Ligand SMILES: Cc1cc2nc3c(=O)[nH]c(=O)nc-3n(C[C@H](O)[C@H](O)[C@H](O)COP(=O)(O)OP(=O)(O)OC[C@H]3O[C@@H](n4cnc5c(N)ncnc54)[C@H](O)[C@@H]3O)c2cc1C
């Protein structure tokens, strides 16, 4: 785990209101695994850092993807190249992409696209055929950077690709990885109990101390998303205890 001040070097829009920020963070770029996240702070900014999955790595730079949903994300998106972002990471346990399976399906809903480019990269390196199913409410909310050996687009309103949820468009595969709203992940759990899902809870410290990111477990008790997660076996989470609308449905 590293704590470093990174220069924000670039920003690009990849769907309506959805932006990728590129930050110089060499030690994190070198060591991050798919599904891990960084806890970002800036000044002046909120008291608590804000967690974001690492979206891509490009040389010494890490990228994060976000939309403005509140104070912190709006401030991050207002930052200009050259400004400094304090980066703590890589944090948490990522996806297990050990060689073995011959095919993987990545299922992402909306901003759940965030951990998937690194997952696609690691899965390819492990010899897997990658199918990426990416869904959103409507066509202009689809992240244009989804990519795999095969990409399946899904929209709730049928404006692009499959008309329906990303989960309904998932083909057969040895391994399923998913990230998106809890409602989507609960549905993944009901179809593929062994799927690996990346959950995005409320979070404080990101390092296992504050217990702000408790995830209810099917066997009883809680885990910390920042330490034991944020990637879990889908059936290990008690989805009935998690709010169905989180994350990212603030405008819904
Ligand atoms: C491990 C992890 C990885 C994440 N990866 C990403 C990512 O790649 N891209 C991304 O855009 N977001 C990601 N998030 C969610 C992101 O951290 C929150 O959206 C962000 O902290 C909100 O900060 P804010 O100051 O803008 O919102 P606030 O002003 O704090 O709150 C605004 C609204 O957002 C809601 N909110 C606050 N925190 C969260 C949260 N953690 N999840 C869902 N809703 C929240 C609040 O209920 C409120 O309605 C991730 C969260 C975790 C735990």
* To do: Over 19 Å, how big is the tail of the calculated P(r) for the stretch 56-105, in percent of all Cα pairs?
  => 51
* Extension gain, residue 126 back to residue 174 (0.36 nm per residue minus Cα-Cα distance, nm) -> 16.0 nm
* Structure fact -> Quick shape check on the chain: root eigenvalues a ≥ b ≥ c of the Cα gyration tensor, a/c under 1.5 is rounded, otherwise prolate if a/b tops b/c, else oblate, and it reads rounded
* Considering only DSSP beta bridges with both partners in the stretch 103-241, what is the antiparallel share in %, to the nearest 5? -> 25
* Asked: With each label point set 7 Å from Cα along the Cα-Cβ vector, what nm distance links residue 58 and residue 151?
  -> 1.6
* **Peptide ranges 180-186, 106-112, 120-126, 1-7 listed from the most packed, as the mean C-beta count within 10 angstrom indicates** => 106-112, 180-186, 120-126, 1-7
* Asked: Taking the Cα centre of each part, how many Å lie between the stretch 79-124 and the stretch 183-234?
  -> 16
* At 0.36 nm per residue, minus the direct Cα-Cα distance, what do residue 102 and residue 159 gain on full extension? Give it in nm, one decimal, please. => 17.3 nm
* Sorted peptide list for 211-217, 228-234, criterion being average Cβ within 10 angstrom, highest first -> 228-234, 211-217
* Asked: Order of 64, 113, 197 from fewest to most other C-beta atoms within 10 Å?
  -> 64, 113, 197
* Structure fact -> the stretch 122-252: Kirkwood hydrodynamic radius (Cα pairs, Å) comes out at 15.8
* Structure fact -> Per residue, the convex hull enclosing the Cα atoms of the stretch 9-120 spans a volume in Å³ of 105
* To do: Could you calculate the contour length gain from residue 16 to residue 190, that is, 0.36 nm times the residue separation minus the distance between their Cα atoms, to one decimal place in nm?
  => 59.6 nm
* Stokes-Einstein translational diffusion, the stretch 103-198 - Kirkwood Rh over all Cα pairs, 1.002 mPa s, 20 °C, in µm²/s -> 167
* For the stretch 1-158, what is the percent of antiparallel DSSP beta bridges, rounded to the nearest 5? -> 70
* **Estimated distance in nm for a label pair at residue 227 and residue 4, the labels positioned 7 Å out from Cα along Cα-to-Cβ** => 2.6
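FYI, it's all coordinate maths here, none of it is from the lab. Quick caveat, the model's predicted, so the values are computed rather than measured. Reconstructed Cβ throughout: ideal geometry from the backbone, glycine too, with neighbour counts over all protein chains shown.
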